[in-house]
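Working notes, structure below.
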Amino acid sequence: MTDVKATPERSGGAKDTVTITVDGKQIEAKPGELLIQAAEEGGVYIPRFCWHKRMDPVGACRMCLVDVEGSPPIPGTQSRRPQTACTTVVREGMVVHTQFTSDEANEAQKTILELLLINHPLDCPICDRGGECPLQDQTQDYGPAESRYTQQKRRYVKPVPISPLINLDRERCILCYRCTRFCEELSGDVLISTMQRGPEAFIFPFYKDPETNGHDAAVRGPLSGDINETFDSYFSGNTVQICPVGALTSTGYRFKARPWDMQNTESVCNLCASGCSIYAGVRVQDGNVARINAATNEDTNEEWLCDKGRYGNEYISSSERITQPWLRRDDALVPITWDEAFRELADKLAPVLAGDSDAGMIVGGHLCDEDYYAAQKFARVVLRTNNIDFRTEPGPSADAVVAPGVTYDDVLGSDLVVVVGTDLREELPLLFLRMRIAASKRGLPIALVHPRAVSLSEHAQLHVRALPGAVPQEITQALRGKERPIVLLGSRACSSEAVAAWNATGARIAWLPRRAGVTGALASGAHPDLLPGWRRITDDGDAADIANAWHVPVPAKAGLDVPGMLAAASSDLGVLWLVGADLSDVPGGNEALDKARYVVVQDVQNCSAVDHADLILPAATFVERDGTLTDWEGRRQQVNAAVDPPGSARADYAILAEAARRLGRPIGCRTHVQVKDELDGLLDGRTSIGAATQRAPEPPRNSDGLRLLTYRLLYDDGARLRASEGIRELTPRPFAEINTADAERLHVTDGANVKIASARGSITVSAKVTDKIAEGVVFVPWSQWGVGGHQLVSWDDQNPTLVVEAVS
């Protein structure tokens, strides 16, 4: 394997470019650049299979052979030895002949293709890669017209489900090593490798014999297609997308559609706040989303996507979709028309509009910016209330709001990135992936404040195991003297005091919301204390700005947050309206809905709130409407409709706009363009970290008991993910992570059941005993299969004291 790097650094004082000639065309290239990339940027394509611009070159497939003048001859001939363009670095005056101008290069490539096709099956008509296959395309463009090989091809048991999401057809593999290199170099999930050697080699998950771990068993198992360790990576789907031959295919897409059957629409993923660009592939014949692939966006996800974003969207075509309005009559839900639904709303909201009652709106965390803007305008203009909030999980108060401004490039170019109170791999997987790549390939300096050993821990120069909210002195000292320091705050670390303390270090601060729409919700004013454009409702000038824009006074009465609305649902609130908000694992959520006077549920699919709903309104998913999404950076990106919504479902903003019109208090917002333009006019670029005082935050209180740490895993019990069978199969069962010393003191053994109790409730889960968590802390995921940390916390105590005991 060559030691050439894919993206070499320029040396100081070196010439800015070198001049090379490719097929008679002069090209200016960067010093140290690889020939294959320089030629492509100059307009000359050299075929390849193994080379990928984001991974180190290996020269494995030999498809990029070219004729370079000055190369040594092949022994015994006058012909120059062909060179692999993917491992050859450009130099001044280099003259290159590719397959277009050199018979030697052309014949060499034909030979390589003939060799690759010796064992590759000719199953293009049934292969999922057919129609978009580099091997198929390059065989047509550069390969031999027929094969001279007449012997038996290799045969393997197929397909092998190497995970619930990925199938492997080994006989198709041409050993380009893209998949294994992605896992080793980029994701760090080294779960697949090469088995056997020479012509018998194939790619397979690592195999361990459960009884002997012997070599013979480790060979026999893979040969027979038997696996006992799955390809369980959050980023496994990327290996399918970069595989050039269809050896790796997605289980959910297998035999479902052909490339020419589909219409691909570029959009943005809404399953976390990473802001990943995607292609939604819709099968034209039935209008169903057949697959989600990563789109290239150098500013955000480059060309990668996590498996949740790729495979976690099966709810879009699920039978659980809500496709028409429903009304509860005599304790049973019956279908109604939109006209009937709006009349019902007018009747139930009449006391609110008259000022005799109040209402509240809780919005979910995955909506588009336009939906948040329409919801908060509906609340303030129609309902005349500031009872609007999105924070069904811990989120910042108005005093702790950090307006966006830090970007991916800022983070990756920093001279110290401090990550506080967030597990990026679980909460923002693409930010994790890009930081991991930068740390492993370019030495990005990272410091962590987190009680667990998380996925970035192996790359951290400093890791302080403290609970969220702490501002460790050793970290603040490390920030001193840095030129480009960045502090990334997780939701549970974003108190006003913590923000003030971190701001005092001089570092640039960014808040990292987990959910896709949260930054847009804040910017749009879907918060009881905030107005659109990061304005404060308590600031008279800010309130006047909005009143002038809307020609309606802004309500002066302080609004309720989510826990306040849940508490008031049975008394002060005549109507509680949920817009895309699932309260099933929100502390007190189901109990509040049980007692609520009247509940409106506006959502895309059946969820626990439907059981409590008096009126149900069908909403469109993110692939069925236009809009914008704002990621954690504050970058607004276009969401494009790929398919029409089913039945009579509508975009959330459109439902609210029509309801406002029917109620006699129109808010505009009839089209996404109208909403976007109005919101654009109010987003004036103001940034603020609030009015937090400059005192140091109080550390989490000490006690003799253990303290709870809880947050969501990437694969959790969310309503959207329950419809994705492969993701569901990989979703971990409930567990509690306990430090070894604590476990010994409590007589808890690894794998045993433990009862964990707080002042709010108790759960029984399996124990994981490990030194990878701080002593005195117990980690329980927020919600896994109906059980989790949400059952132990209260709104005013997210890290309660616990009592832990072994269960016999």
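A few comments on the model shown:
- Size of the range 502-656 from its Cα atoms: along the principal axes, largest to smallest, the extents are 48, 42, 38 Å.
- Translational D in µm²/s for the chain (Stokes-Einstein at 10 °C, 1.306 mPa s, Kirkwood Rh from C-alpha pairs): 55 µm²/s
- Multiplying the residue separation of residue 264 and residue 152 by 0.36 nm and subtracting their alpha-carbon distance yields 36.4 nm.
- Unit charges on C-beta of K, R, D, E only; dipole of the range 377-528, Debye: 280 debye
- Ellipticity estimate at 222 nm from DSSP helix runs (n ≥ 4, -39,500 (n - 2.57)) divided over the chain, nearest 500: -6000 deg cm²/dmol
- For the range 294-381, the square roots of the Cα gyration tensor eigenvalues, ordered a ≥ b ≥ c, give a/c of at least 1.5 with a/b no greater than b/c, which places it in the oblate category.
- For the range 334-351, Karplus couplings with θ = phi - 60° (6.51, -1.76, 1.60), whole Hz, Gly/Pro x: 10, x, 9, 8, 5, 4, 5, 5, 5, 5, 4, 4, 4, 5, 6, 8, 4, x
- Computed in the context of the full set of protein chains, the accessible area of the range 17-174 at 1.4 Å probe radius has 52% of its extent on carbon or sulfur.
- Per-residue packing, averaged as other Cβ atoms within 10 Å, sorts the ranges 293-305, 477-489 into the order 293-305, 477-489, beginning with the highest.
- Of the cross-linked pairs 348/377; 158/772; 308/772; 25/53; 158/256; 15/53, those separated by over 27 Å at the C-alpha level are 158/772.
- Nearest 10 degrees, 0 to 90: helix 672-682 Cα axis against the chain principal axis: 70 degrees
- Amide H to amide H, with H built 1.01 Å from N, residue 463 comes under 5 Å of 448, counting only residues 5 or more places away or on other chains.
- Cα gyration tensor, the range 518-568 - rounded (a/c under 1.5), prolate or oblate: oblate
- Sequence-ordered 3J(HN,Hα) estimates for the range 281-286 from the Karplus curve with 6.51, -1.76 and 1.60 and θ = phi - 60° stand at x, 9, 6, 4, 5, 10 Hz, glycine and proline given as x.
- The magnitude of the dipole of the chain, with charges of +1 and -1 set on the Cβ of Lys/Arg and Asp/Glu and taken from the Cα centre, is near 680 debye.
- Each of 614, 545 has its accessible area taken with a 1.4 Å probe; listed largest first, they run 545, 614.
- Residue-by-residue Karplus 3J(HN,Hα) for the range 310-324, coefficients 6.51, -1.76, 1.60, Hz, glycine and proline x: 7, 10, x, 10, 5, 4, 4, 10, 6, 5, 8, 5, 8, 10, 7
- Taking amide H positions as modeled 1.01 Å from N, with prolines and chain starts lacking one, the residues under 5 Å from residue 422 and 5 or more places away or on another chain are 490.
- Rounded to the nearest 10 degrees, the angle from helix 652-662 to the longest Cα principal axis of the chain is 30 degrees.
- Folded to 0 to 90 degrees: helix 103-116 orientation relative to the chain principal axis, Cα: 60 degrees
- Listed residue (29, 60, 44) projecting farthest to the positive dipole end of the range 9-96, Cβ model: 60
- A cut-off of 5 Å between modelled amide H atoms, ignoring neighbours fewer than 5 places along the same chain, links residue 765 with 754, 756.
- Taking a ≥ b ≥ c as the square roots of the eigenvalues of the alpha-carbon gyration tensor, the range 30-134 is classed oblate because a/c is 1.5 or more while a/b is no larger than b/c.
- Dipole axis of the chain (+1 Lys, Arg; -1 Asp, Glu on Cβ), positive-most option in 472, 159, 20: 20
- Put a dot 7 Å past the Cα of residue 145, heading toward its Cβ, do the same for residue 759, and the two dots end up 8.5 nm apart.
The values are calculated or read from the model by the stated rules, or taken from the named source; none is laboratory data. These numbers come from a predicted model, not from an experiment. A quick note on method: Cβ atoms are made from the backbone with ideal geometry, for glycine too, and the neighbour counts reach across all protein chains shown. These area figures cover heavy atoms from the full protein model, side chains too; ligands, DNA and RNA do not enter into them. Shrake-Rupley method; radii C 1.70, N 1.55, O 1.52, S 1.80 Å.
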